Amino acid sequence: QVQLVESGGGLVQPGGSLRLSCVVSGSIFSSYTMAWYRQPPGKQRELVAQSTIGTPATYIGSVKGRFTISRDNAMNTVHLQMNSLKPEDTAVYYCNAIKISTGVTYWGQGTQVTVSS
């Protein structure tokens with residue numbers, strides 16, 4: 001049973017930073033494309049950043065230069081470092097894993113990020 005457990009959300013002032021983490025258990029971490037999605041209030045879920053081993057990470061335009069996705073393969077963990085946060089970054093952030101060989105997708109439970117003064 002593959003499980004994704006997120007942590008690191010919270011309330012931060014504009015311009016601040018947060019680091020989200022997602023621990024993957026139950027499978028071989030390196031065989032997954034890992035991603036972070038977010039769902040702002042009243043809006044659809046959107047892909048924020050994605051990482052596949054051996055290829056460059058990709059980002060949605062609005063977070064380029066501010067967010068960084070990284071993988072710690074030894075710890076089966078993916079992080080999302082978020083800097084220069086803006087109120088429009090407020091959303092529930094979800095960790096996502098796609099098994100490369102089958103396309104089977106798994107989701108974390110979500111963690112709230114609120115950017116407000």
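The values are calculated or read from the model by the stated rules, or taken from the named source; none is laboratory data. Predicted model, so just to flag it, every value in this text is computed and none were measured. Don't worry about glycine lacking a Cβ; one is built from the backbone with ideal geometry, like all the others, and counts go over all protein chains shown.
What to note about this one:
- For G65: the one exception among (1) modelled with pLDDT of 95 or more; (2) under 16 Å from the mean Cα position of the chain (by Cα); (3) of a type outside the set (S, T, N, Q); (4) surrounded by 12 or more Cβ atoms within 10 Å (Cβ to Cβ): (4)
- Matching residues, region 5-32, being touching a Lys or Arg at 6+ places or on another chain (Cβ under 8 Å) and not small (G, A, S): P14, F29, Y32
- Exactly one residue out of G9, G61, G42 is of a type outside the set (S, T, N, Q) and at positive phi, and it is G42.
- Within region 20-54, being charged (D, E, K, R) and surrounded by 14 or more Cβ atoms within 10 Å (Cβ to Cβ) holds for R38, R45.
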